[in-house]
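Please read the structure below before turning to the comments.
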Amino acid sequence: MAIYNIKLYNDMGHLIITPDYTQLPIHIYNFVRLKAKMYLDTATDKEGHGCLFFFLKPCVKDKWSYQCGSDIVNIEYQFTEFNPAYMKKTEKTHL
């Protein structure tokens, strides 16, 4: 059994997972990507500058603990909230 502490955040429009895929077993990395697809939405900026934002879906908390096989996976999502003043949701999640 292993314990994995993972953080997800947005950096310049890229979804960052730390530790990255080179430091995680593939089944853990794929598990984290699946959770990101379930819990994250994306938006672009309203001005059309090409910015991409990731944010949690409504009512999703920012820290989760899971059992993945015999391993424990702790995931912390570090994203800003959706702000309709300068963001518009995208149809595609970009994940």
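Taken together, the residues in the range 45-69 that are over 21 Å from Ile17 (Cβ atoms) and polar (S, T, N, Q) amount to 0. Condition first: surrounded by 15 or more Cβ atoms within 10 Å (Cβ to Cβ) and outside any strand (DSSP E or B). Can you find one or more residues in the range 72-89 that meet it? Within the range 72-89, one or more residues are surrounded by 15 or more Cβ atoms within 10 Å (Cβ to Cβ) and outside any strand (DSSP E or B).
Conditions tested, residue by residue: (1) more than 12 Å from Leu95 (Cα to Cα); (2) surrounded by 12 or more Cβ atoms within 10 Å (Cβ to Cβ); (3) in contact with a Gly (Cβ under 7 Å, 6 or more places away or on another chain); (4) among the small types (Gly, Ala, Ser).
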position	(1), (2), (3), (4)
Leu8	yes, yes, no, no
Pro25	yes, yes, no, no
Phe31	yes, yes, no, no
Leu40	no, yes, no, no
Glu47	yes, no, no, no
Gly50	yes, no, no, yes
Gln67	yes, no, no, no
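For Asp62, the conditions (1) surrounded by 14 or more Cβ atoms within 10 Å (Cβ to Cβ); (2) touching a Phe, Trp or Tyr at 6+ places or on another chain (Cβ under 6 Å) all hold with the exception of (1).
Can Thr18 be described as modelled with pLDDT under 95 and of a type in the set (S, T, N, Q)?
Details: modelled with pLDDT under 95: no; of a type in the set (S, T, N, Q): yes.
Judged against the criteria, Thr18 is not a match.
The number of residues in the range 8-64 that are within 13 Å of Tyr77 (Cβ to Cβ), among the hydroxyl-bearing types (Ser, Thr, Tyr) and part of a strand (DSSP E or B) comes to 2. I'm told Tyr77 meets every condition in (1) modelled with pLDDT under 95; (2) under 9 Å from the mean Cα position of the chain (by Cα) except one. Can you identify the failing condition by its number? Single failed check for Tyr77: (1).
Residue check: is Asp20 surrounded by 13 or more Cβ atoms within 10 Å (Cβ to Cβ) and among the charged types (D, E, K, R)? Talk me through it step by step, then tell me what you get.
On the way: surrounded by 13 or more Cβ atoms within 10 Å (Cβ to Cβ): no; among the charged types (D, E, K, R): yes.
No, not satisfied.
The values are calculated or read from the model by the stated rules, or taken from the named source; none is laboratory data. Keep in mind that what you see is a predicted model, and the values were worked out from it rather than measured. Methodologically, a virtual Cβ is constructed for each residue, glycine included, from the backbone with ideal geometry; neighbour enumeration extends over all protein chains shown.
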